[in-house]
Structure formats: structure tokens, C-alpha cells
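Undergrad: Next up is a structure, given as C-alpha cells.
The values are calculated or read from the model by the stated rules, or taken from the named source; none is laboratory data. This is a predicted model, so every value here is computed, not measured. With ideal geometry, Cβ positions are generated from the backbone for all residues, glycine too; neighbour counts draw on all protein chains shown.
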Amino acid sequence: MFIPFADLEGDPAVHGFLHSPSVLGEDCVVLTHGAGANCQSKLLVEISDELAASGFTVLRFDLPFRRARPYGPPPFGSAAKDRDGLRRAVAVMRNRRNGRIFLGGHSYGGRQASMLISEEPQVADGLFLLSYPLHPPRKPDELRTKHFPKVDKPAFFAHGTRDSFGTITEVKSALELIPAAHALFELKGAGHDLLFKTSGSESLAELVREFKKFQNKVVP
């Protein structure tokens, strides 16, 4: 179950939906969307429901670029403002929860979350990254990993085996650049949206279970 959420007191304002945990828990996941979506995407709704069922409070919210334009990709130069939005969303939840906060997102949103943590590791306790866009499709030399050596908070990655933004082999190689604890959960048959599967028993529920095991093992 979730309810609309808005915090208008800061800049940028935070707009989204709040999922309350089904079981008692203090930890929180702040989650956002990819470049072509918003916080009401099927993936974000379903993964937020699974996280709440596992005991997390979840804030899924729209990045500033999406508040400014309802359709289309982020305009050139919007990334810094979007990271401001991530920072603000975490601060809002810090005022409401006493537990750990994990910052994450799908594709572009996850990339901006990881960049923010590489710059300001104190912002969150860990990362929850869905379909990290390792490189543009068919451009494997254009890696988006320059900041990885500065990511010193635990990072959990979920990636589909049919993702055109990076193969599993490429992702595993890239994760070796991260000095902090990290883990990769593979969804067999899933593409960049993580929802399409041709075979295998992987599911979003399994993904969340593995994330919870990871964060309980490596996050203070």
C-alpha cells in the first residue's frame, strides 16, 4: 500500500509516493526512475511493493528533470539538479526515519545516485542500483564508470542478462573498480526494464531477498 507524498519546503521539492512497510522495520530505500520514465513506472511500483513487504519504507519519487518536463529524456545540463533532488529526498526521509537509508534508482536514476555517493558518501548508507546503464547500446567503449573508484559505500546491483546497456560480463568487470563491498544479482532473460524474462526462476521478490541479505551483512 502506498500514498502520495510531497515535501515542498526545500529546493528542489520532493514529489512521489510513500510505501509503508508490511512488517516492522526502520530502514528506508529512496528510489527513482530512469531517463524515459517517471516514478510511476511498472518496475518502480512493483519493486517498491516488494521492498515494503520485506520491511523497508520506500520513497519513490520524480527527479527534478521529470517535474520540469513530463515526457522525454533529461535535457543537457540537468544532471546536477537531479542529484540535488536525490540529496533532498534522502534528507526528507532522514527527518522521518531513524534507520539506514539506501539510495537507488533505475538506469539514469541509479547512475546519478552512484555519482552523488561518489562525491558525498555521507548522504546515504548504501546503493540499490537497477539496470545500471554501463554504456549506451552498441557503444561498449563509452563506459560510465569514471566515478566507480570513489564509490565507498556498499552497492547492490541488479542487472538483466539481455540488457543492451551492458552484458553481465561487462558489469562484473566494471564492479571490480568499486572499492566498497558490492554484489550483483542477475535476472536471466530480463532486459533493461528488468521485467521481461524468457526463462529461469528469478523474480523481483528474489531480488529483494538478496538485497536484504547483502545490506544486513555488509552495512553497519
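Undergrad: Filter the range 167-179 down to residues that are more than 17 Å from the chain's Cα centre (by Cα) and either in a loop (DSSP other than H, G, I, E, B) or at pLDDT below 95 (or both), then give me how many there are.
TA: 4
Undergrad: Separate question: From the list Pro140, Pro133, Pro121, which one is in contact with a Ser or Thr (Cβ under 8 Å, 6 or more places away or on another chain), over 18 Å from Arg60 (Cα atoms) and surrounded by fewer than 22 Cβ atoms within 10 Å (Cβ to Cβ)?
TA: Pro133
Undergrad: From the set of residues in the range 128-166 that are of a type in the set (Val, Ile, Thr) and modelled with pLDDT of 95 or more, which is nearest to Leu194 (Cα to Cα)?
TA: Among those that are of a type in the set (Val, Ile, Thr) and modelled with pLDDT of 95 or more, it is Thr145.
Undergrad: Sticking with this one: Taking the conditions exactly as written (hydrophobic (A, V, I, L, M, F, W, C), under 23 Å from Glu170 (Cβ atoms) and surrounded by fewer than 21 Cβ atoms within 10 Å (Cβ to Cβ)), does Ala91 satisfy them or not?
TA: So Ala91 does not fit the description; no.
Undergrad: In the range 180-207, what count of residues is obtained for those that are under 19 Å from the mean Cα position of the chain (by Cα), at pLDDT below 90 and not hydrophobic (A, V, I, L, M, F, W, C)?
TA: 2
Undergrad: I would also like to ask the following. Would it be correct to say that Lys42 is in contact with a Pro (Cβ under 7 Å, 6 or more places away or on another chain) and basic (Lys, Arg)?
TA: The answer is no for Lys42.
Undergrad: Return a yes/no flag: does the range 50-59 have any residue that is outside any loop (DSSP other than H, G, I, E, B), at pLDDT below 95 and either of a type in the set (Val, Ile, Thr) or buried (at least 19 other Cβ atoms within 10 Å of the Cβ) (or both).
TA: Within the range 50-59, one or more residues are outside any loop (DSSP other than H, G, I, E, B), at pLDDT below 95 and either of a type in the set (Val, Ile, Thr) or buried (at least 19 other Cβ atoms within 10 Å of the Cβ) (or both).
Undergrad: Something else now. What pairs come up if the first residue lies in the range 106-117 and is in contact (Cβ under 8 Å) with a residue 12 or more places away in the chain and under 11 Å from Arg87 (Cβ atoms), the second is surrounded by 24 or more Cβ atoms within 10 Å (Cβ to Cβ) and among the aromatic types (Phe, Trp, Tyr), and their beta carbons are under 9 Å apart, counting only those six or more places apart or on different chains?
TA: Sorted first by the residue in the range 106-117, then by its partner, the pairs are Ala113/Phe128.
Residue-wise test of (1) out of contact with any helix residue (DSSP H, G or I) (no Cβ under 6 Å at 6 or more places or on another chain); (2) in a loop (DSSP other than H, G, I, E, B); (3) free of Cβ contacts under 8 Å to residues at least 40 places away in the same chain; (4) surrounded by fewer than 17 Cβ atoms within 10 Å (Cβ to Cβ).
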{"position": "Gly10", "(1), (2), (3), (4)": "no, yes, no, yes"}
{"position": "Val30", "(1), (2), (3), (4)": "no, no, no, no"}
{"position": "Ala37", "(1), (2), (3), (4)": "yes, yes, no, no"}
{"position": "Gly85", "(1), (2), (3), (4)": "no, no, no, no"}
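Here is a yes/no grid of residues against (1) modelled with pLDDT under 95; (2) touching a Pro at 6+ places or on another chain (Cβ under 6 Å); (3) closer than 21 Å to Tyr132 by Cα:
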| position | (1), (2), (3) |
| --- | --- |
| Phe61 | no, no, yes |
| Arg69 | yes, no, no |
| Pro75 | yes, no, yes |
| Arg83 | no, no, yes |
| Arg87 | no, no, yes |
| Ala91 | no, no, no |
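Undergrad: Could I ask something else about it? Residues that are in contact with a Ser or Thr (Cβ under 8 Å, 6 or more places away or on another chain) and more than 24 Å from Ile3 (Cβ to Cβ): does the range 77-100 have at least one?
TA: No, the conditions are met nowhere in the range 77-100.
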